[in-house]
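Visitor: Here's a structure for you.
The values are calculated or read from the model by the stated rules, or taken from the named source; none is laboratory data. Only a predicted model underlies this, so the values are computations on that prediction, with no experimental measurement involved. Every residue, glycine among them, receives a Cβ derived from its backbone with ideal geometry; neighbour counts consider all protein chains shown. Accessible surface areas use protein heavy atoms only, side chains included; no ligands, DNA or RNA. Shrake-Rupley method; radii C 1.70, N 1.55, O 1.52, S 1.80 Å.
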Amino acid sequence: MPLPIDVITGTSSTKLSVANWNTYIRDSINNLRDHYAQNCVYDVTHPDYGAHGDGITDDRDHINTAQTAAGVGKAIYFPPGTYLVSSNITISSDVIFAYGAKLSIDNTKVVTFTGNVLCGISQIISGLGTVSFTGNTKIKEYYPQWWGATADGATDDNTAIQAMVAAVPSGSSIYFPIGTYIVSAQVSINKKLTLTGQGTIKLKANSSVIGGNWYWFYVSGDDVKFTGLTFDGNGTNQTNLYNMLGLGSLSVTNGNRIEVSGCTIINAYGTAICCGKSNEVIIQGCFIYDVTGGGGNPGEGISFSSTSKANVINCIFGTVADHHVYVDAGASNINITGCNFKGATVSQSIVIYGSANNVVVTGCTFDDNNVGVLVTDKSNVMPQNITISGNAIKSGHGVSATYGIQVSASATSARQSVVTISGNTIYQLGLTDDIIGHGIVIQRASGITITGNAVSNNNSAGILLQGADSINVIGNSVFDNCKKAGGAYPAGVYVETLTYVPTNIVISENMIYDSLGTTQTYGVRVDNGNIKVTDNLMYGNVSLPVYIANGANAGEITTVTDTYTILSTDSTIICNKATPFTVTLPVAVVGQQFTIKNIGVGRVTIEGNGAETIEGDANIYIDQLDNRTVQCYTTGLWAIIGYC
């Protein structure tokens, strides 16, 4: 691009070399060089205008004289120096600051820029007064260095950053060049801004001055966007923050249409990003890790409280003291998609609490967490309309137990919660630490659908239902679980009482098997409750496909070696004879269930009592090592609900 020949200074001209031009103007105004070559640039220190730039003499009137001479469409130029302004002034001309040129504005005084400001990445504003860019549409980007930020990792840049945020007009873009910006107090944002760059914003060590302000970037305005920045909470060097609630990097409160994109948030002490009473929040492509807590403060990656329409997309979460994502009561329409969660080893990676509503967790990967996703009550209220689908959850850690997905209501809570758990792959829970590891756990809750999941190679039960009500377990693959030798819950699907007796549970159309025939003792074990087990494919389980324990002699295994009529108090009948014989079912009572297994050589005929039928037939047959589980579903009719 052609360089200008002359820079006009009053009535005379002085040539600038190419080198000097680049020093003074730099690349930020390359596209305007031709414009100013044609329209002239007026040096405020020329004798016709008389600015001193000594930091002592008031240059306000000299600056005003220069811009009057420049007129419309021309720029005024400040050579290196400090230009004192002791009364208010509006500069409507475009302004060029040389490197080393700055204004020093007296206390309570205001300099208003309505034209463009062209300079390098250096300080141009100082003093106790302020600048205003209200209504300025010509400046495309602002820099904290203009207000004196050093980004040297040692100097406190808090005052400069807050002054910048206060001065720039709504809709502005602020760029943080590479470097480390130390802050020691809260920076408040209450208007539309974009904060972007390659810089790191780091909390000063032992920053007790924040006190009750809680967060060091506090967003209460609409249409605020953070992109590409790094926030470093310096958590290991904070000793005076125990009284602060969720000190972290960003707080969004009463803000709408907020976006945090491509940012790195590390070493937060409390909560990295906290969203409260905000709407339409997008957090995407961020990296959040090394979040600590203490003194009653949580250590969370992202928290939502009374927030609506939030999306967490393609973020990576590392080590946290508590939760990666905390969805609190009052939050609604929260979508967590395509994220990677690792390192919540002592707590739940995602927790969904209380009156939270319409929360979706989909397409995420969970690795080395204590619990992948927890849905639980708060103030005796359970979350509603929760979808957990298409996730991969593996390798849980913990002290005594680890779960892939857990839906849990307390003993005093309302139990109803509409939750769909579908299409997830859950495996290797508890193996690393040799502890209890369940794929899916439902405790006291009701209204849960578990469908299309693959649950395998976990240390304990694939699916554990404790005191649950109105649960549908349909179309899942549950296999090769119960890896912990001698461990509790030795079944693919295990149902038991916890405060409440399980009721209205359907286990249907699942594949429940042990491919090696070595660890999964039962396909389904029911210790108590009103359970329907039907149309499942179960094979390879060490002992029985279905084990029902629901009578006076429930759970007792009866071995027979000749013709036998099953008693109503029987549960499992083991047949062992070298020649064929017949086992007759008792008079059918709705809900009654029996498992018959043949370990002998002779074929066993199972027949109904009198005119009663089994799947419409008078009898069925089982050969050696086969078994059938039958259940009476209506008067006089038996259904085969499990077989091998």
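Visitor: So which strands (runs of 3 or more DSSP E) stay within the range 43-121 end to end and still have 1 or more residues that are among the polar types (S, T, N, Q)?
Guide: Correct list: 54-58, 81-85, 89-91, 101-105, 110-113.
Visitor: If I ask for residues that are under 17 Å from G129 (Cβ atoms), among the hydrophobic types (A, V, I, L, M, F, W, C) and surrounded by 24 or more Cβ atoms within 10 Å (Cβ to Cβ), which ones from the range 66-84 would you list?
Guide: Hit for the range 66-84 is F78, nothing else.
Visitor: Which count do you get for residues in the range 408-450 that are more than 23 Å from the chain's Cα centre (by Cα), of a type in the set (A, V, I, L, M, F, W, C) and surrounded by fewer than 24 Cβ atoms within 10 Å (Cβ to Cβ)?
Guide: 5
Visitor: Which of the residues that make up the range 328-347 are out of contact with any Gly (no Cβ under 7 Å at 6 or more places or on another chain), among the aliphatic types (A, V, I, L, M) and over 27 Å from S395 (Cβ atoms)?
Guide: If the condition is that a residue be out of contact with any Gly (no Cβ under 7 Å at 6 or more places or on another chain), among the aliphatic types (A, V, I, L, M) and over 27 Å from S395 (Cβ atoms), then A331 is the only one that fits.
Visitor: Can you spot a residue in the range 199-208 that is under 19 Å from I302 (Cα atoms) and either at pLDDT below 85 or out of contact with any Gly (no Cβ under 6 Å at 6 or more places or on another chain) (or both)?
Guide: Yes, that holds for at least one residue.
Visitor: Okay, moving on. Looking at H62, H46, which is the one that is at pLDDT 95 or above and farther than 15 Å from I125 by Cα?
Guide: The conditions single out H62.
Visitor: Moving on to the next point. Of the residues N314, N279, N340, only one is closer than 16 Å to V371 by Cα, among the polar types (S, T, N, Q) and open to solvent by 40 Å² or more (accessible area, probe 1.4 Å); which?
Guide: Exactly one of N314, N279, N340 is closer than 16 Å to V371 by Cα, among the polar types (S, T, N, Q) and open to solvent by 40 Å² or more (accessible area, probe 1.4 Å), namely N340.
Visitor: Moving on. Do the conditions hold for Y539, that is, is it closer than 18 Å to I405 by Cβ, at pLDDT below 90 and in contact with a Cys (Cβ under 9 Å, 6 or more places away or on another chain)?
Guide: Spelling it out, it is not the case that Y539 is closer than 18 Å to I405 by Cβ, at pLDDT below 90 and in contact with a Cys (Cβ under 9 Å, 6 or more places away or on another chain).
Visitor: Same structure again: Could you list, in sequence order, the residues of the range 436-470 that are in contact with a Leu (Cβ under 9 Å, 6 or more places away or on another chain) and part of a loop (DSSP other than H, G, I, E, B)?
Guide: Once the filter is applied, which keeps residues that are in contact with a Leu (Cβ under 9 Å, 6 or more places away or on another chain) and part of a loop (DSSP other than H, G, I, E, B), the range 436-470 yields R444, N457, N458, N459, S460, G467, A468.
Visitor: Sticking with this one: What about V601, is it under 30 Å from E496 (Cβ atoms), out of contact with any strand residue (DSSP E or B) (no Cβ under 7 Å at 6 or more places or on another chain), at pLDDT 85 or above and assigned to a loop (DSSP other than H, G, I, E, B)?
Guide: No.
Visitor: Scan the range 180-204 for residues that are open to solvent by 20 Å² or more (accessible area, probe 1.4 Å) and either of a type in the set (A, V, I, L, M) or closer than 18 Å to S122 by Cα (or both) and jot them down.
Guide: Of everything in the range 180-204, those that are open to solvent by 20 Å² or more (accessible area, probe 1.4 Å) and either of a type in the set (A, V, I, L, M) or closer than 18 Å to S122 by Cα (or both) turn out to be T180, A185, T196, Q198, T200.
Visitor: Hey, could you check the range 565-580 for residues that are of a type in the set (G, A, S) and farther than 20 Å from G610 by Cα and say which is surrounded by the most Cβ atoms within 10 Å (Cβ to Cβ)?
Guide: This residue is S571.
Visitor: How many residues are farther than 20 Å from I288 by Cα and part of a strand (DSSP E or B) if we restrict to the range 179-193?
Guide: Result for the range 179-193: 4.
Visitor: Still on this model: Please enumerate the residues belonging to the range 617-636 that are modelled with pLDDT under 90, open to solvent by 30 Å² or more (accessible area, probe 1.4 Å) and not aromatic (F, W, Y).
Guide: Q624, L625, D626, R628, T634, T635
Visitor: Output the residues belonging to the range 508-536 that are aliphatic (A, V, I, L, M) and modelled with pLDDT of 85 or more.
Guide: Answer for the range 508-536, where residues must be aliphatic (A, V, I, L, M) and modelled with pLDDT of 85 or more: M511, I512, V524, V526.
Visitor: Which residues, taken from the range 509-533, are under 17 Å from T449 (Cβ atoms) and either crowded, with 16+ Cβ neighbours inside 10 Å or of a type in the set (A, V, I, L, M, F, W, C) (or both)?
Guide: Within the range 509-533, N510, I531, K532, V533 qualify.
Visitor: Going residue by residue through the range 439-453, is there one that turns out to be closer than 24 Å to N357 by Cβ and in contact (Cβ under 8 Å) with a residue 60 or more places away in the chain?
Guide: yes
Visitor: Follow-up. Please verify whether the range 131-149 includes one or more residues that are more than 41 Å from the chain's Cα centre (by Cα), aromatic (F, W, Y), under 27 Å from V165 (Cα atoms) and modelled with pLDDT of 95 or more.
Guide: The answer is no, given that none of the residues of the range 131-149 is more than 41 Å from the chain's Cα centre (by Cα), aromatic (F, W, Y), under 27 Å from V165 (Cα atoms) and modelled with pLDDT of 95 or more.
Visitor: When you go through S28, S87, S17, S13 one by one, which is the residue that is open to solvent by 40 Å² or more (accessible area, probe 1.4 Å), at pLDDT 95 or above and either over 25 Å from T130 (Cβ atoms) or out of contact with any His (no Cβ under 7 Å at 6 or more places or on another chain) (or both)?
Guide: Just one listed residue meets the conditions, S87.
Visitor: Mind telling me which of the residues V542, V560 ends up being hydrophobic (A, V, I, L, M, F, W, C) and closer than 25 Å to A461 by Cα?
Guide: Result: V542 is the single residue among V542, V560 that is hydrophobic (A, V, I, L, M, F, W, C) and closer than 25 Å to A461 by Cα.
Visitor: So is V252 modelled with pLDDT under 90 and either open to solvent by 10 Å² or more (accessible area, probe 1.4 Å) or part of a strand (DSSP E or B) (or both) or not?
Guide: Spelling it out, V252 is indeed modelled with pLDDT under 90 and either open to solvent by 10 Å² or more (accessible area, probe 1.4 Å) or part of a strand (DSSP E or B) (or both).
Visitor: Could you grab me the full set of residues in the range 170-191 that are in contact with a Ser or Thr (Cβ under 6 Å, 6 or more places away or on another chain) and at pLDDT below 95?
Guide: S184, N190, K191
Visitor: Restricting the range 357-372 to residues that are aliphatic (A, V, I, L, M) and modelled with pLDDT of 95 or more, which is surrounded by the most Cβ atoms within 10 Å (Cβ to Cβ)?
Guide: It comes out as V361.
Visitor: Note down all Cβ pairs under 6 Å where the first residue falls in the range 173-186 and is free of Cβ contacts under 8 Å to residues at least 60 places away in the same chain, the second is of a type in the set (F, W, Y) and open to solvent by 20 Å² or more (accessible area, probe 1.4 Å), and they're at least six residues apart or on different chains.
Guide: Every condition considered, the pairs that remain are Y175/Y143; Q186/Y218.
Visitor: Those residues that are under 12 Å from Q631 (Cα atoms) and open to solvent by less than 20 Å² (accessible area, probe 1.4 Å), I need them from the range 535-546; list them, please.
Guide: Passing the criteria: only V546.
Visitor: May I ask you to say which residue of D106, D61, D43 is touching a helix residue (DSSP H, G or I) at 6+ places or on another chain (Cβ under 8 Å) and either open to solvent by 10 Å² or more (accessible area, probe 1.4 Å) or farther than 20 Å from G135 by Cβ (or both)?
Guide: D43
Visitor: Looking at this structure, is V583 of a type in the set (A, V, I, L, M), out of contact with any Ser or Thr (no Cβ under 6 Å at 6 or more places or on another chain) and loosely packed, with under 14 Cβ neighbours inside 10 Å?
Guide: No; evaluated as a whole, the condition is false for this residue.
Visitor: Of the residues in the range 542-570, how many are at pLDDT 80 or above and either in contact with a Lys or Arg (Cβ under 7 Å, 6 or more places away or on another chain) or part of a strand (DSSP E or B) (or both)?
Guide: Result for the range 542-570: 7.
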